[in-house]
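Notes for the one structure printed next.
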Amino acid sequence: MSKIIRGSKGQPSPREPVRAEDTLNSKEFATIQDLLSEGEIEGFATPSKKGIARNNANYNNACLADIFLDNTAVLNVSPEDPNFTTKLNSLTATDFSFEDVTFIPKFGEGNQKPVANLENANLQKTSNTVLTNSAVVTTTSFVDSPDLSLGQHAVEVTIQFLALQKFETNGDVLGTEVNYQIQLQTNNGTFTTIVDETITGRSKDSYSREHTINLPNDTFGNANYTQAKIRVKRITADSDPDVIQDTFGVSRIEEVVYTPQAYPDCAYSTLRVSSEQFSSVPERAFRIRGIKVKIPGAGANNSGTPTVDINTGRIQYPPNYIFNGTMGAAVWCTCPSMILLDVLTNQRYGLGVHISPDQSTDAKRYESIDLFSYVQASRYANEEVTLEDGTKEARFACNVAIQGTAEAYELINELAGVMRAFPIWQTGSITLTQDSPTDSSFLFSLANVTEAGFSYSGSSLKQRHSVISVRYFNMDSREIDYEVFEDTAAIAKLGIIKKTVQAFGCTSRTQAIRLAKAILFSEQQESETVTFSTSIDAGAIVRPGSVISINDPVRSVERRSGRVKSVATIGGVSVITVDSAQDLSTFQGSNKTFSVMLPDGKVETKTLAAGNSITNNVITLSSALSQTPSANSIWMLSSTGTGGVEPQTFRVITVEEQDGVNYAITALTYIPGK
């Protein structure tokens, strides 16, 4: 007999109640001002690079691509987007990383006005609380403030909900919405609605919202009201507290008086952010184009006017530009020479009070500055160098934020070091000397030094390195980065000996690499110094930074320098009789040249005549010298190739007066083609 087993269905599972997400956060605002710079700046990088003028309606939105809150750009449209400028005309909420961010820039102009209509952000604030913790606001019971004091600029009102949520009969907990108004009465007239706000969402605990009501004198004039009062009204119908929790009251009404602060000559940012977006004041970073500095003006003989590349800040000098001592208008640039010049002469944040006390004219401003040396250094710094990928950039650029006080000497040397230069005090002015390609300015041999001759010394191998790590600021990541360069030949010789250096004002990876290469080259190839003493006629002319040529027969074996006895011009060429025929008969090689000190203190170099150009102690040149050398002037021969002897070149480091007659000179090896 078979059995049939039957079962019955179980009871259905109970429905899980829905609990709406807590979507409301208390909404109050913080207004933050950050000092960006002392002095007038160009502005923010993106609008400047895109050619968007300050008075353009899209300028402030473009700036938001350069403002980073907690390391996130406020505008999430990339400046690299080819349609960036077009997109600024139709931005939506999704184009911003944060809501309710308001921004106003000031550029550091001397006559700039205070920020207005942004909660009076740049004003000193004096406040007085006139009401706290009011009764619950209902549709029939609104909250009025006492009459406000006269002469107030604004009123701050904070609305507070104990909770905001709705309970359904099925157990669901949902959000709800409440509409309220804040009204203003002036001069005992009718109440006018200033704020009509609807809060939508759910908050299981206390939630607040802050509002600022500007009074009739919010344009910083005198009070133009005789009476004022604030009223808070509930518009949404009152609810059953067992079903809907949406009661609210006024936690604070505060009257505020502001004192305008324009902060002339200070560039600053004013940001207003919401507490819904940030639990605390966010970290801020700004990408700006900094202080405007004077650059060389229109050149002599219609040789053109320098301009600044809007993309890079490089000063573009016309090919045949001749500086005539006239400086142009102040503009933004990345030229380290012009930045250094500005630091030396500016009276607000630089050394102008000491160096340029009278700035009534440019002539007065720069009377203690060798302006031509700074322009020469600027031209070398702004020459383009070709990178490995075929693109070009300025040889030296300076992008730096000097955020604190510094010793003047240290800061000047840091800025000068960006372009391999150093300042010296010479003939009553500050001159800039740069390690750039240059010709020799003086000739030395045993004929014009003391009997002690030339003394040489080199750096210890222990002081040399084979790997250089350069620390620089990476503009893409906005963080400190490192670029490492290795000299394989030096590693094979010395092993791995690493040195870490700080590239002051450097934001370019390729510039950091060039710095590393320059350091290694100098340590390996320019490590020898020479010391000698000379008479006053040479010591009084030679200056630190000058390049000199030395013929030392103790080293070269051959005597290739001496003094001039006489000079004649025969057939349009110069014929020089020198002090001795010693070693002239063995003068060999190619590219034979003759150099001589002229009466004006300069060195002139000419090629030798073809064929038999040297007979005993008479040397015939291929053309006439521009000036007739004086008797006893120093001459020097040079040749290359097989059997050739080239003079040694050194860059002068120090010149020291010894006894009023002799001067001690110390110089470092100089290689022109580095």
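The values are calculated or read from the model by the stated rules, or taken from the named source; none is laboratory data. Bear in mind that the values here come from a model prediction, so they are computed numbers and not experimental data. Glycine gets a Cβ as well: all are built from the backbone with ideal geometry, and neighbour counts include every protein chain shown. Heavy atoms of the whole protein, side chains included, go into the accessibility calculation; ligands, DNA and RNA do not. Shrake-Rupley method; radii C 1.70, N 1.55, O 1.52, S 1.80 Å.
Given 356, 450, 623, which one lies farthest toward the positive end of the charge dipole of the chain, if we put +1 on the Cβ of every Lys and Arg and -1 on the Cβ of every Asp and Glu? Of 356, 450, 623, it is 623.
Computed extension gain for residue 590 through residue 172, at 0.36 nm per residue and net of the alpha carbon distance, reaches 140.5 nm.
At a probe radius of 1.4 angstrom, the accessible area of region 593-639 per residue rounds to 43 square angstrom.
About its Cα centre, the dipole of region 36-171 is roughly 220 debye, where the only charges are +1 on Lys and Arg Cβ and -1 on Asp and Glu Cβ. Helices in the chain, meaning DSSP H runs of at least 4 residues, each add -39500 (n - 2.57). Divided by all residues, the mean residue ellipticity at 222 nm is -3000 deg cm²/dmol. Pairs exceeding 20 Å between alpha-carbon atoms, taken from 462/498; 493/517; 392/498; 294/392: 392/498; 294/392.
For region 188-203, 3J(HN,Hα) computed residue by residue from phi via the Karplus equation (6.51, -1.76, 1.60; θ = phi - 60°) reads 6, x, 6, 7, 10, 6, 9, 10, 10, 10, 10, 9, 10, x, 10, 9 Hz, glycine and proline entered as x.
Loop-resident trypsin sites (Lys or Arg not before Pro) (DSSP state other than H, G, I, E or B) in region 147-210 with no more than 15 further Cβ atoms inside 10 Å of their Cβ: 204. Principal-axis analysis of the Cα atoms of the chain puts helix 371-381 at an angle of about 80° to the longest axis. Helix 336-345 versus the longest principal axis of the chain: what is the Cα-based angle in degrees, 0 to 90, to the nearest 10? With both axes taken from Cα atoms, the answer is about 80 degrees. Of the solvent-accessible surface of region 473-564, computed with a 1.4 Å probe over protein heavy atoms with every protein chain present, carbon and sulfur atoms account for 55 percent. Can you tell me the 0 to 90 degree angle between the C-alpha axis of helix 509-525 and the longest principal axis of the chain, rounded to 10? Approximately 30 degrees, to the nearest ten. Quick check for you: which residues of region 601-622 have the amide N under 17 Å from the point 7 Å beyond the Cα of residue 568 toward its beta carbon? Those under the cut-off are 609, 613-622. Dipole orientation for region 154-293: of the candidates 227, 247, 165, 227 has the Cα lying most toward the positive pole (charges on Cβ; Lys, Arg +1; Asp, Glu -1). Computed over protein heavy atoms with a 1.4 Å probe, the carbon and sulfur contribution to the accessible area of region 576-674 reaches 47%.
What do the square roots of 5 times the Cα gyration tensor eigenvalues come to for the chain, in whole Å, largest first, as semi-axes of the equivalent ellipsoid?
Semi-axes from the Cα gyration tensor: 77, 32, 20 Å.
Placing unit charges on the Cβ atoms only, positive for Lys and Arg and negative for Asp and Glu, gives region 351-439 a dipole magnitude near 220 debye about its Cα centre. Go through 200, 275, 187 and say which Cα lies farthest out towards the positive end of the charge dipole of region 180-276; charges sit on Cβ, +1 for Lys and Arg, -1 for Asp and Glu. It is 187, whose Cα lies furthest towards the positive end.
DSSP bridge analysis restricted to the chain gives an antiparallel fraction near 90%, rounded to the nearest 5. Cross-link partners of residue 592 among lysines, defined as those whose alpha carbon lies under 25 angstrom from its own and excluding same-chain residues fewer than eight positions apart: 565, 602, 606, 674.
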